[in-house]
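Taking it in order: structure first as structure tokens, then the write-up.
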Amino acid sequence: MAPVLTRPQGHLSPADALHLAQQAPTILKNNPRAFASNPLLALFTAAETPEIWVVYENLILACCRTGDTESAYQCLERLVTRFGIDNERVRAFQGLIKEAAADNQGEIVQLLMEYDTILGPDNTNIRKVALLRSLGRTSEAIDALNALLDYSPTDAEAWAELADIYLSQGLYSQSIFALEEVLLLSPNAWNMHARLGEVLYMAATASDGPQLKRLTESLKRFSRSIELCDDYLRGYYGLKLVTDKLLKDDSKSAKQPDADDWSPPDEATVHKLRELAQRSYRDCASKGCWREVMARIQRIRGRGSAGPFEQGIGGCG
């Protein structure tokens, strides 16, 4: 088996996922539908290995992404034969394939009803949250995510998803809180520091609230993202936006009362930070790394299963 078939598939580009899915018919043909449980028969047939089940799972994910639900169902049949239909992992893959095969909103609603039947009052299922969000039932998705986080408060992915939903509704304070929870769990995630910086910047420019406090905190978050990953373009771009805003609104900000004493750096320091961001852009252009950045953007756009916690552009992998 190719090494990629036994590795996590979350970061595969659309082209790589398509290449993997195209191998499904050959892999299914070259492996038996079931393995012999009798030790004597096993001597004359192909041996069962743990890797083959990982391969089938990865093929299901790749086939769902590329629309080859027929091959995905064939892989699922082999998992059912080996582990049974009541296996939780098998049932999860069954739901994924049904989601991929759904042609209209009615079928998605029907699948959600099936999830409700299986899970009952249990809202702590991320697939159910994803379906609710895809149907535009945002308030129910938020309730389900909060229930999930009550059950598992250390789930950074769930906090990031909740922050993304809050942001889509313009609820900046709630989104900021959720992102702060992500950083409590993953303090060295430079992409999430930059994401929090972006949300703080949007909150500062979209309301008449504590603008100076949010801009200052945004500056700190972008600076931290660059400290953790010194070639992170998203961090440098955010740093330039914030410093431009602080320099532009310097006189207004100086008059703004701030009970929490959240004061930005002095003007000279802000100028130096702005120059640093601009210089980093020039350095990147001279190294010819824009092509790599655009490739990252394309991978993110094409990664249907990617959550906000996974997303990052430029630098440090």
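The values are calculated or read from the model by the stated rules, or taken from the named source; none is laboratory data. Just so we're clear, the structure is a prediction, and the values are computed from it rather than from any experiment. Note that each Cβ is placed from the backbone with ideal geometry, even for glycine, and that neighbours are counted across all protein chains shown.
Is there any pair with a first residue in segment 146-160 that is touching a residue at least 24 places away in the same chain (Cβ under 8 Å) and a second that is among the small types (Gly, Ala, Ser) whose Cβ atoms are under 6 Å apart and which are 6 or more apart or on different chains, and what are they?
Leu148/Ala158; Ala156/Ser186; Glu157/Gly307; Trp159/Ala178
Can you pull out every residue in segment 169-193 that is under 15 Å from the mean Cα position of the chain (by Cα), in a helix (DSSP H, G or I) and either modelled with pLDDT under 95 or of a type in the set (S, T, N, Q) (or both)?
Of segment 169-193, the ones under 15 Å from the mean Cα position of the chain (by Cα) are 178-179, 182-183, 186, 189-193.
Next, only the ones that are in a helix (DSSP H, G or I) stay: 178-179, 182-183, 190-193.
Result: Trp190, Asn191.
Given the criteria of a type in the set (Asp, Glu) and either modelled with pLDDT of 85 or more or within 21 Å of Ala62 (Cβ to Cβ) (or both), does Glu114 qualify?
Working: of a type in the set (Asp, Glu): yes; either modelled with pLDDT of 85 or more or within 21 Å of Ala62 (Cβ to Cβ) (or both): no.
The answer is no for Glu114.
Just one of the numbered conditions (1) within 27 Å of Leu167 (Cα to Cα); (2) loosely packed, with under 15 Cβ neighbours inside 10 Å; (3) β-branched (Val, Ile, Thr) is not true of Val129; which one?
If we test Val129 against (1) within 27 Å of Leu167 (Cα to Cα); (2) loosely packed, with under 15 Cβ neighbours inside 10 Å; (3) β-branched (Val, Ile, Thr), just (2) comes out false.
Please verify whether segment 83-92 includes one or more residues that are modelled with pLDDT of 90 or more, touching a helix residue (DSSP H, G or I) at 6+ places or on another chain (Cβ under 6 Å) and closer than 24 Å to Leu112 by Cβ.
no
Within segment 239-250, restricting attention to residues that are of a type in the set (D, E, K, R) and either surrounded by 20 or more Cβ atoms within 10 Å (Cβ to Cβ) or touching a helix residue (DSSP H, G or I) at 6+ places or on another chain (Cβ under 9 Å) (or both), which residue is nearest to Leu183 (Cα to Cα)?
Residue satisfying both the conditions and the ranking: Lys240.
Take the residues in segment 74-95 that are under 23 Å from the mean Cα position of the chain (by Cα) and of a type in the set (Lys, Arg), then tell me which one is farthest from Val54 (Cα to Cα).
For segment 74-95, the residue satisfying everything is Arg91.
How many of the residues making up segment 260-288 are at pLDDT below 65 and touching a Pro at 6+ places or on another chain (Cβ under 9 Å)?
2
Pull up segment 63-72, narrow it to residues that are out of contact with any Ser or Thr (no Cβ under 9 Å at 6 or more places or on another chain) and not polar (S, T, N, Q), then point me to the one that is farthest from Ala21 (Cα to Cα).
Among those residues, the one meeting the criterion is Glu70.
Could you list all residues from segment 229-238 that are part of a loop (DSSP other than H, G, I, E, B), in contact with a helix residue (DSSP H, G or I) (Cβ under 7 Å, 6 or more places away or on another chain) and either surrounded by fewer than 24 Cβ atoms within 10 Å (Cβ to Cβ) or aliphatic (A, V, I, L, M) (or both)?
Cys229
Taking segment 135-145 on its own, how many of its residues are under 24 Å from Met202 (Cβ atoms), in contact (Cβ under 8 Å) with a residue 12 or more places away in the chain and small (Gly, Ala, Ser)? Break it down stepwise before answering.
Looking only at segment 135-145, we keep the residues that are under 24 Å from Met202 (Cβ atoms), and these are 136, 138-139, 141-142, 145.
Now drop any that are not in contact (Cβ under 8 Å) with a residue 12 or more places away in the chain, which leaves 138, 141-142, 145.
Checking the rest, the ones that are also small (Gly, Ala, Ser) come to 141.
Matching residues across segment 135-145 total 1.
Within segment 172-228, which residues are charged (D, E, K, R), in the same structural domain as Asp244 (by TED's automatic domain parsing) and in contact with a helix residue (DSSP H, G or I) (Cβ under 9 Å, 6 or more places away or on another chain)? Steps first, please.
The initial filter retains those residues of segment 172-228 that are charged (D, E, K, R), namely 180-181, 195, 198, 208, 213-214, 217, 220-221, 224, 227.
Right, trim to in the same structural domain as Asp244 (by TED's automatic domain parsing) and you get 195, 198, 208, 213-214, 217, 220-221, 224, 227.
Across segment 172-228, the qualifying residues are Arg195, Glu198, Lys213, Arg214, Glu217, Lys220, Arg221, Arg224, Glu227.
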